[in-house]
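All of the numbers you see were taken from the coordinates with simple rules; none came from a lab. Predicted model only: the values in this text are computed from it and were never measured. Cβ atoms come from the backbone with ideal geometry, glycine included; neighbour counts cover every protein chain shown.
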Amino acid sequence: MLKKVDVRYLKDPEDVGLENPIFIEGLPGIGHVGKLVADHLVNELRAEKVVEIYSHYFPPQVMVQEDGTVRMPVNEVYAWKSNGDSSDLLILVGDFQSISNEGHFELVNAYIDIAKRFGARRIYTLGGYGIGKLVEEPYVIGAANSQDVVEELKSFGIKFEPGEPGGGIIGASGLLLGVSKLEGIDAACLMGVTSGYMVDPKSAKVVLDVLSKMLNLEVSVEALEERAKEMEKIIAQIKEMQEMAVQQWKSDEDLRYFR
């Protein structure tokens, strides 16, 4: 029977053999920024799936696949062992975050337990920061659970703005920072500034660039760049439509003088 939070280890942490890995969370959220980055890392690094997480706290549905079969919603943890030039990685990706407040806490507890079992020394959560308007040049803002980590991230150009994000960080990306502090694990959230209206690969690329520098990772960004170029075309079309709407409004205003 499926447990409320059902964690299934496909490999024992001891057999995977990671050394003090960095745990990276990239679940669906604003602009899918974190998800795009985490999925990209899994694909480019050819990371190995080591954990599956099923839960009552995911939406009550199944996922229909291309061949017509179905599967349960699942979040997964992938492991990647470095050649020594960078840190080993654990990467959390998946279909959903929790649909309830209780579920967020229960799932985050499970993620922290997984990180500890693999000996993770730090956690990075990835997400988007929606500002409600189109962003020409996205950048990364941060939050961390210790002042030392804040200062470290500033050296990589990550911005820490007073009062931002307003209202705090909701969901796994925020809770992981708070709970990990209680567990004595350093953690930080990297947020790509985005409109929040659409999937934003351009913002995701900026987050990936910063994360790669921090972790000394060499990973191709070509796939994200291609998606970003497509998004720029869509944004250009949106801007053109907005300008046409403004011009039409001005024209209608001018015509009122002749009525």
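Between the listed residues V221, G171, I24, the Cα displaced farthest toward the positive end of the dipole of the chain, a dipole computed from Cβ unit charges relative to the Cα centre, is found at G171. Taking 0.36 nm per residue of separation and subtracting the Cα-Cα distance, full extension of the segment from F105 to E136 would add 7.6 nm.
Highest mobility in the GNM of the chain, judged by mean-square fluctuation with C-alpha springs under 10 Å and restricted to I24, I123, I114, is found for I114.
FRET efficiency for the R117 to K229 pair, using the beta carbon distance and R₀ = 45 Å, is estimated at 0.65.
Comparing G167, G184, G192 in a Gaussian network model of the chain where C-alpha atoms under 10 Å apart are linked, the largest mean-square fluctuation is found at G167. When the pairs K81/K229; K159/K205; K49/K159; K159/K229; K49/K81; K205/K229 are compared against a 22 Å limit on Cα-Cα distance, K81/K229; K49/K159; K159/K229 fall above it.
Largest GNM mean-square fluctuation across P28, P162, P59, computed for the chain with C-alpha springs under 10 Å, falls on P162.
Only DSSP H runs of four or more residues enter the estimate; each adds -39500 (n - 2.57), and after division by the residues of the chain the mean residue ellipticity at 222 nm equals -13000 deg cm²/dmol.
Across region 40-48, computed HN-Hα scalar couplings (Karplus, 6.51 cos²θ - 1.76 cosθ + 1.60, θ = phi - 60°) run 4, 4, 4, 5, 6, 8, 6, 5, 9 Hz from first to last residue, x flagging Gly and Pro.
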